[in-house]
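> Quick one: structure below, then a few questions.
The values are calculated or read from the model by the stated rules, or taken from the named source; none is laboratory data. Since the structure is predicted, the reported quantities are computational estimates derived from the model, not experimental observations. Here Cβ is always computed from backbone atoms with ideal geometry, including for glycine, and neighbour counts include all displayed protein chains. Calculation scope for accessible area: heavy atoms of the full protein, side chains included, ligands and nucleic acids excluded. Shrake-Rupley method; radii C 1.70, N 1.55, O 1.52, S 1.80 Å.
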Amino acid sequence: MTKEPTWSQRFESALHPAIAQFNASITFDIELIEYDITGSQAHGKMLAHTGIISPEEGSLLVSGLEQIRKEYRTGKFHPGIDAEDVHFAVEKRLTELVGDVGKKLHTARSRNDQVGTDTRLYLRDQIQHIRSSLREFQSVLLDIADNHIETLIPGYTHLQRAQPLSLAHHLLAYYHMAQRDWERLEDVSRRVNISPLGCGALAGTTFPIDRHYTAELLQFDEVYANSLDGVSDRDFAIEFLCAASLIMVHLSRLSEEVILWSSEEFRFVTLKDSCATGSSIMPQKKNPDVPELVRGKTGRVFGHLQAMLVMMKGLPLAYNKDLQEDKEALFDSVKTVKACLEAMTILLREGLEFRTQRLAEAVAEDFSNATDVADYLAARGVPFREAYNLVGKVVKTSIAAGKLLKDLSLSEWQELHPAFDADIYEAIAPRQVVAARNSYGGTGFEQVTKALKAARTQITVE
Ligand code: ARG
């Protein structure tokens, strides 16, 4: 038995079943259903408002659509592949529910402006969810930082011990990355929140529609000024994927640090049982699965960004079916970013503990105070480069002698340079090394305390 063609009477037979499957997006774009309903309700209201349909017809469309929303929410609406996509599925169900007037809904509209509207409404919502998850993540970072202003941790460059830091300062670095992510998403939102509804298939419509009316109903800030651009623009999705990729970069860098810190080589943190897993064969293992998964999932989001860029680059105006590929990229990225933010927030809140004793030992057992010796001499008039060379020499001889700088006697110091005095020991003690970096934005405790306070205000006020 041949199935009815989906399309106009131009078509005589139905799609090949495999092609129908290939063409369909309903398996994933069902995610857009509530936005599709909301967008269609606004369109229906506008059709009545402008007199294109009667007020009674308008209300029938709106209430029928609301009925579909209810059916969907209660698990009673399961459109199949034959619906092709969410837009057809909703329109078909509407006609079943309200009769022939349902067939008027698509007046002065195309799936091209419709899908663009749905996707923007979806993304606008998701961006707000992600922004509030970022806020939670930031607030946990601040909670931990509050408790560790005076906890020292080795600071690295090239993954070599460089200078010790306040642990709070280290955590605040991630706070600031997240702050930029939060701001970036706000900026992306501005370009997401533009209405393509009413652009039609590509050229606008012959009906006297009111695009500003639907934009207002849907709380869009603006409308696309060019119908071709409106239906074929996916810049907003790419911008979102850029912002999402940067969030993942930041989460992945933190993940990498947690993985290193929890290793036997560092031993800076202990993973709690609630956020770590064991090995099926090695009974001694406790694995940092959460940060590893976050680091691993980062690739998917970068991949989606790349896929979208490549998908767009050769598209002639206006709509092309290639654009259907934007959905899974967006949905999976949104899902991934949300899940990773949530997991990292839990991990920080209750899944790891900093080993303060071990950290204190770590900062006392290296040459990360060497710059402070050079600074000590420079502050006493010795040109910095000269002081730097001198200290390099002491480090070399100390390593050879199996000593640290704090082990040198005062006479050894003075032999090196007469400017050294007994206060050199205080100057190179780890706590002082950190405290002394009191330049704006530095790791000095005073600066960190101020930075923490400013950060707290930032997330409460904004
Ligand atoms: N499912 C389609 C998409 O996601 C809807 C728009 C289809 N438009 C068209 N002209 N075939 O892009």
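> Let me check I've understood the local charge: for Asn438, count other residues with C-beta under 15 angstrom from its C-beta, Lys and Arg +1, Asp and Glu -1. What total comes out?
Values: positive: Arg431, Arg437, Lys450; negative: Glu150, Asp372, Asp375, Glu446.
After counting each charged neighbour, the total is -1.
> Applying a 10 Å radius around every beta-carbon, put 296-302, 308-314, 396-402 in order of their mean neighbour count, most first.
Details: 296-302: 17.9, 308-314: 13.9, 396-402: 10.9.
Highest-to-lowest ranking by the protection proxy: 296-302, 308-314, 396-402.
> Now a separate question. If you count only protein heavy atoms with a 1.4 Å probe, what accessible area per residue comes out for the chain, rounded to a whole Å²?
Numbers: 22810 Å² over 462 residues.
About 49 Å² of surface per residue is accessible.
> Output the pairs from Lys286/Lys396; Lys45/Lys327; Lys286/Lys453; Lys103/Lys327; Lys76/Lys327 with a Cα-Cα distance over 29 Å in this structure; if there are none, say none.
Values: Lys286/Lys396 38 Å; Lys45/Lys327 27 Å; Lys286/Lys453 36 Å; Lys103/Lys327 26 Å; Lys76/Lys327 24 Å.
Long pairs (Cα-Cα over 29 Å): Lys286/Lys396; Lys286/Lys453.
> OK, next. Just to make sure I understand: if all protein chains stay in place, what is the order of Lys76, Lys393 by accessible area at 1.4 Å, largest first? Write down the numbers at each step before the final one.
Values: Lys76 145, Lys393 115 Å².
In descending accessible area the options line up as Lys76, Lys393.
> Less than 12 Å Cβ to Cβ from Leu141, Lys/Arg counted +1 and Asp/Glu -1: what total charge do the surrounding residues give?
Values: positive: Arg135, Arg349, Arg456; negative: Glu136, Asp143, Asp146.
In short, 0.
> If packing is taken as the average count of other Cβ atoms within 10 Å, what order do 204-211, 366-373 fall into, highest mean first? Display every interim value, and only then the final one.
Working: 204-211: 15.8, 366-373: 21.1.
Ranking, from highest mean packing down: 366-373, 204-211.
> Follow-up question, since we're still on this one. So how far, in whole Å, is the C-alpha centre of the stretch 55-102 from the one of the stretch 291-352?
The stretch 55-102 and the stretch 291-352 have Cα centres separated by 30 Å.
> Further question on the same structure: Looking at the stretch 364-428, which GluC sites (Glu not before Pro) are DSSP coil and have at most 13 other C-beta atoms within 10 Å of their C-beta? Don't skip to the answer; put the middle values down first.
Values: sites: Glu365, Glu386, Glu412, Glu415, Glu426; in loops: Glu365.
Sites meeting the loop and neighbour criteria: Glu365.
> Right, another one. For the peptides 19-30, 432-443, 272-283, what is the packing order when you average, over each peptide's residues, the other Cβ atoms within 10 Å and list the highest mean first? Mind dumping the intermediate values first?
Values: 19-30: 15.6, 432-443: 17.3, 272-283: 11.4.
Ranked by mean Cβ neighbours within 10 Å, highest first: 432-443, 19-30, 272-283.
> Select from Gln357, Phe445, Tyr388 the residue farthest towards the positive end of the dipole of the stretch 328-462; place +1 on Cβ of Lys and Arg, -1 on Cβ of Asp and Glu, and compute about the Cα centre.
Of the candidates, Phe445 comes out farthest on the positive side.
> Quick one: putting +1 on the C-beta of Lys and Arg, -1 on the C-beta of Asp and Glu, what dipole do you get for the stretch 294-374 around its Cα centre, in Debye to the nearest 20?
Details: 11 positive and 12 negative charges, 91 e Å.
The dipole of the stretch 294-374 has a size of about 440 debye.
> Also, quick follow-up: Under the Kirkwood approximation applied to all pairs of distinct alpha-carbon atoms, what is the hydrodynamic radius of the stretch 104-258 in Å?
Details: mean 1/r = 0.0551 Å⁻¹.
In the stretch 104-258 this quantity evaluates to 18.2 Å.
> Tell me the net charge near Met312. Cut-off is 11 Å between Cβ atoms, Met312 excluded, with +1 for each Lys or Arg and -1 for each Asp or Glu.
Values: positive: Arg234, Lys313; negative: Asp233, Asp235, Asp322, Glu325, Asp326.
So the surrounding residues net to -3.
> Give the share of C-alpha pairs in each 5 angstrom bin for the stretch 337-462, from 0 to the last occupied bin, in whole percents, shortest bins first.
Once binned at 5 Å, the Cα pair distances of the stretch 337-462 give 2, 9, 14, 16, 16, 12, 9, 7, 7, 6, 3, 1.
> Next question. Please name whichever of Trp182, Ala215, Cys199 sits farthest to the positive end of the charge dipole of the stretch 164-292, dipole taken about the Cα centre and charges placed at Cβ: Lys and Arg +1, Asp and Glu -1.
Trp182
> Placing +1 at every Lys and Arg Cβ and -1 at every Asp and Glu Cβ, with all other atoms neutral, what dipole size does the stretch 25-172 have around its Cα centre, in debye to the nearest 20? Kindly include the intermediate steps, with their values, before the conclusion.
Working: 16 positive and 21 negative charges, 37 e Å.
The dipole magnitude comes to about 180 debye.
> Follow-up question, since we're still on this one. Just by accessible area at a 1.4 angstrom probe, what is the order of Trp261, Trp7 from largest to smallest? Could the numbers behind the result be given before it?
Numbers: Trp261 10, Trp7 95 Å².
From most exposed to least exposed: Trp7, Trp261.
> Mind pulling up the Rg/Rh value for the chain? Radius of gyration and Kirkwood radius, both on Cα.
Values: Rg = 30.6 Å, Rh = 26.5 Å.
Here Rg/Rh amounts to 1.15.
> Give me the percent of accessible area attributable to carbon and sulfur for the chain, probe 1.4 angstrom. All intermediate terms of the calculation are to be shown ahead of the outcome.
Working: 12190 of 22810 Å².
The value for the chain is 53 percent carbon and sulfur by accessible area.
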